[in-house]
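The values are calculated or read from the model by the stated rules, or taken from the named source; none is laboratory data. Just so we're clear, the structure is a prediction, and the values are computed from it rather than from any experiment. When we count neighbours, we look across all protein chains shown, and the Cβ atoms used for this are built from the backbone with ideal geometry, even at glycine.
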Amino acid sequence: MPAAALATPEEDPAEALPLPTLPVIRDGCLGDAPSLRALELRSFPGNHMSLRQFRFHLRSPRAHLLVAEVDGALVGSATVLVRANSRRARLYSIMVDPAARGLGLGRSLLARAEQVARQAGARQLYLEVRQDNAAAIAMYERLGYRRIGQEAAYYDDGADAWRYAREL
């Protein structure tokens, strides 16, 4: 069908459906700190970073804070910590707004975090995850992370954590 003859939304109801907006994953900046803090409060029951801590990570040469935006709204983030001359990097935090879960943002953020870790010279990425976070555990295992340990009473509320790692 020629472009001039395309159906209008009035003629074809499917044409009226909004197209999904793809997330933009970018490096975080200091101006993101308040939105990151608000996102963390919505995303996790405890162990919240302060605004000051977010600003510290955003300024630190050893922290890479990535943010995911959809239509200009911050809906996810990942923080990767690296050390000079280390072959390991740590996924310090990954969070997705509860309203945006199930859309693959966590997987996209993790893939970008792995890329950042590789570019910093790491050959392994490790992380901790709450033992009761079945969705995150399933994602990590599906993507090749293996359980390497346990941390008792790791979180503020006394919850235990699994430690996972993946070769990059």
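Among the small types (G, A, S), under 26 Å from G46 (Cβ atoms) and touching a residue at least 12 places away in the same chain (Cβ under 8 Å): is that true of A120 in this structure? Full working, then the answer.
Details: among the small types (G, A, S): yes; under 26 Å from G46 (Cβ atoms): no; touching a residue at least 12 places away in the same chain (Cβ under 8 Å): yes.
In short, no.
Just to be sure before I move on: is S60 closer than 25 Å to Y145 by Cβ, at pLDDT 90 or above, of a type in the set (S, T, Y) and touching a strand residue (DSSP E or B) at 6+ places or on another chain (Cβ under 9 Å) in the structure I sent? Even if it seems obvious, please write down each step before you answer.
Working: closer than 25 Å to Y145 by Cβ: yes; at pLDDT 90 or above: yes; of a type in the set (S, T, Y): yes; touching a strand residue (DSSP E or B) at 6+ places or on another chain (Cβ under 9 Å): yes.
Yes; evaluated as a whole, the condition is true for this residue.
Looking at R146, R123, R107 in this structure, which one is within 14 Å of the chain's Cα centre (by Cα) and more than 21 Å from H48 (Cβ to Cβ)? Steps first, please.
Values: R146 fails: within 14 Å of the chain's Cα centre (by Cα); R123 fails: within 14 Å of the chain's Cα centre (by Cα).
Every option except R107 fails the conditions.
Within the stretch 60-85, which residues are assigned to a strand (DSSP E or B), within 21 Å of Q124 (Cβ to Cβ) and not small (G, A, S)? Explain how you work it out, then say what you get.
Start the filter on the stretch 60-85 by keeping residues that are assigned to a strand (DSSP E or B), which leaves 63-70, 73-82.
With within 21 Å of Q124 (Cβ to Cβ) added as a condition, the list becomes 63-66, 78-82.
Of everything in the stretch 60-85, those that are assigned to a strand (DSSP E or B), within 21 Å of Q124 (Cβ to Cβ) and not small (G, A, S) turn out to be H64, L65, L66, T79, V80, L81, V82.
Please work out which residue is farthest from P23 (Cα to Cα), limiting yourself to the stretch 86-105 and to residues that are hydrophobic (A, V, I, L, M, F, W, C) and not in a strand (DSSP E or B).
A99
Within the set of pairs 6+ apart or on separate chains, which have a first residue in the stretch 69-92 that is at positive phi, a second that is modelled with pLDDT under 90 and surrounded by fewer than 20 Cβ atoms within 10 Å (Cβ to Cβ), and C-beta atoms under 6 Å apart?
D71/T21
Any chance the stretch 29-42 includes a residue that's modelled with pLDDT of 95 or more, outside any helix (DSSP H, G or I) and not aromatic (F, W, Y)?
Scanning the stretch 29-42 turns up at least one residue that is modelled with pLDDT of 95 or more, outside any helix (DSSP H, G or I) and not aromatic (F, W, Y).
Run A89 past the list (1) in contact with a Gly (Cβ under 9 Å, 6 or more places away or on another chain); (2) under 20 Å from R37 (Cβ atoms); (3) buried (at least 20 other Cβ atoms within 10 Å of the Cβ) and report the number of the one that doesn't hold.
(2)
Go through (1) touching a strand residue (DSSP E or B) at 6+ places or on another chain (Cβ under 7 Å); (2) part of a helix (DSSP H, G or I) for R55 and report which single condition fails.
Answer for R55: the failing condition is (1).
Can you name the number of the only condition in (1) under 14 Å from A165 (Cα atoms); (2) small (G, A, S); (3) out of contact with any helix residue (DSSP H, G or I) (no Cβ under 7 Å at 6 or more places or on another chain); (4) not in a loop (DSSP other than H, G, I, E, B) that A122 fails?
Every condition holds for A122 apart from (4).
Quick one: which of V80, V75 is over 23 Å from A159 (Cα atoms) and either buried (at least 17 other Cβ atoms within 10 Å of the Cβ) or out of contact with any His (no Cβ under 9 Å at 6 or more places or on another chain) (or both)? Working first, answer last.
Working: V80 fails: over 23 Å from A159 (Cα atoms).
From the options V80, V75, the qualifying one is V75.
For R55, only one of the following conditions fails: (1) over 24 Å from A159 (Cα atoms); (2) touching a residue at least 40 places away in the same chain (Cβ under 8 Å). What is its number?
Among (1) over 24 Å from A159 (Cα atoms); (2) touching a residue at least 40 places away in the same chain (Cβ under 8 Å), R55 violates only (2).
Do we find a residue being out of contact with any Leu (no Cβ under 9 Å at 6 or more places or on another chain) and in a loop (DSSP other than H, G, I, E, B) anywhere in the stretch 106-117?
There is no residue in the stretch 106-117 that is out of contact with any Leu (no Cβ under 9 Å at 6 or more places or on another chain) and in a loop (DSSP other than H, G, I, E, B).
Would you call R55 surrounded by fewer than 17 Cβ atoms within 10 Å (Cβ to Cβ), at pLDDT 95 or above and of a type outside the set (S, T, Y)? Step through it out loud before you land on a result.
Details: surrounded by fewer than 17 Cβ atoms within 10 Å (Cβ to Cβ): no; at pLDDT 95 or above: yes; of a type outside the set (S, T, Y): yes.
No, not satisfied.
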